[in-house]
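Okay, so here's the structure we're looking at.
The values are calculated or read from the model by the stated rules, or taken from the named source; none is laboratory data. No experiment lies behind these values; they were computed from the predicted model shown. In this analysis, Cβ positions are derived from the backbone assuming ideal geometry, glycine residues included, and neighbour counts consider all displayed protein chains. Note: accessible area is taken over every heavy atom of the protein model, side chains too, but ligands, DNA and RNA are not part of it. Shrake-Rupley method; radii C 1.70, N 1.55, O 1.52, S 1.80 Å.
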Amino acid sequence: MKYVICGGSGFIGRKLTEYWLQGGHQVLVVGRKLPEAHSPHPGLSCLTWDNLASNPKLAEGADAIVNLAGASLSQRWSPKGKKAIMQSRLETVSAAAKLLNALQHKPAVVIQASAVAIYGTSLTDAFDESSPAHVMDFPSGVVQAWENAADEAYTGVRLVKLRTGVVLGNESGALPKMKLPYMLGFGGNIGTGKQWLSWIDIADIVRLIDFCVQTPGIEGPVNATAPQPVTNEEFGRMIGKVYHRPHWFPLPGFLLTAAVGELSEILLKGQRVLPAKALDHGFTFTYSTLQPALEHLRAK
């Protein structure tokens, strides 16, 4: 099969590319610029958005388009930063839609990145794909605009909106940053520690994307989170247990806010998100609970 991955040079995109190449598939990675270096592989092609816009025939025959592109939320949310975060998402949806419309033979499915922030935050509620969007802050507003743009842009194909939680992996993402205080001996609760953290192992999100491509009955929102979310305190104590580090040094919320501003909302607030649609369609998580996920990452 042939797959197009927009934003394929990012954390999830790199792992998805490796997974599909190992499966013997063709992968076309699209980004703002060509990677500085990559291992040559007969099934791998890399193009910029401009390259592809001028010659969309290179994507003909694709079985799926996966759009993971968008500026990271992990930057200071200044007015300039917020604008970049929003624009990058809307612009890449537009670019992927132009590619789709330029193809004579459209792929069967588009997998569009989204995020669990669309549900808003809560200490008590649980959210699945049937839960309504609740715009209450900058992240939830961004995700709703992102999904609305996707609904309008991708027509005539099956659309999966992959609502991603915190993706755990060694190379990038949240885990190295969240683990660092523990490795330095100063791990502990962030804020109250009661806020929910909906997570997923990098290997499982890659398999889930592939599962969504291969399962015609899946469309619309899909929560890319493990079945057992945890609180911030539970997450921290499990890091301490797996990496043999103490969990004792709390970080007060006001200090985090003073240090990084509004960005602190990501760590101080959360939501308990359940992957109902994936489970209903028969997807099996390799890492459904946190301890095995952290242990396998520590062993790698």
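Here are some notes:
- Screening Gly156 on (1) open to solvent by 10 Å² or more (accessible area, probe 1.4 Å); (2) at negative phi shows it passes everything except condition (2).
- Residue count for the stretch 268-281, restricted to those that are open to solvent by less than 50 Å² (accessible area, probe 1.4 Å) and over 18 Å from Gly188 (Cβ atoms): 6.
- The stretch 17-47, residues that are of a type in the set (S, T, N, Q) and outside any loop (DSSP other than H, G, I, E, B): Thr17, Gln22, Gln26, Ser45
- Selection status of Ala226, part of a helix (DSSP H, G or I), at pLDDT 95 or above and farther than 15 Å from Ile190 by Cα: no
Matching residues to (1) open to solvent by 50 Å² or more (accessible area, probe 1.4 Å); (2) in contact (Cβ under 8 Å) with a residue 12 or more places away in the chain; (3) under 28 Å from Trp196 (Cβ atoms):
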{"position": "Pro107", "(1), (2), (3)": "no, yes, no"}
{"position": "Ser114", "(1), (2), (3)": "no, yes, yes"}
{"position": "Val142", "(1), (2), (3)": "no, yes, yes"}
{"position": "Ala145", "(1), (2), (3)": "no, yes, yes"}
{"position": "Asp151", "(1), (2), (3)": "yes, no, yes"}
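- The stretch 48-63 - residue that is open to solvent by 30 Å² or more (accessible area, probe 1.4 Å), of a type in the set (S, T, N, Q) and outside any loop (DSSP other than H, G, I, E, B) and, of those, nearest to Gly13 (Cα to Cα): Asn51
- Counting only residues that are part of a helix (DSSP H, G or I) and open to solvent by less than 50 Å² (accessible area, probe 1.4 Å), the stretch 238-267 holds 12 of them.
- Condition met for Arg14 (outside any helix (DSSP H, G or I), open to solvent by 80 Å² or more (accessible area, probe 1.4 Å) and either among the charged types (D, E, K, R) or in contact (Cβ under 8 Å) with a residue 60 or more places away in the chain (or both)): no
- All positions within the stretch 212-229 that are of a type outside the set (Gly, Ala, Ser), touching a helix residue (DSSP H, G or I) at 6+ places or on another chain (Cβ under 7 Å) and open to solvent by less than 20 Å² (accessible area, probe 1.4 Å): Ile218, Val222, Asn223, Thr225
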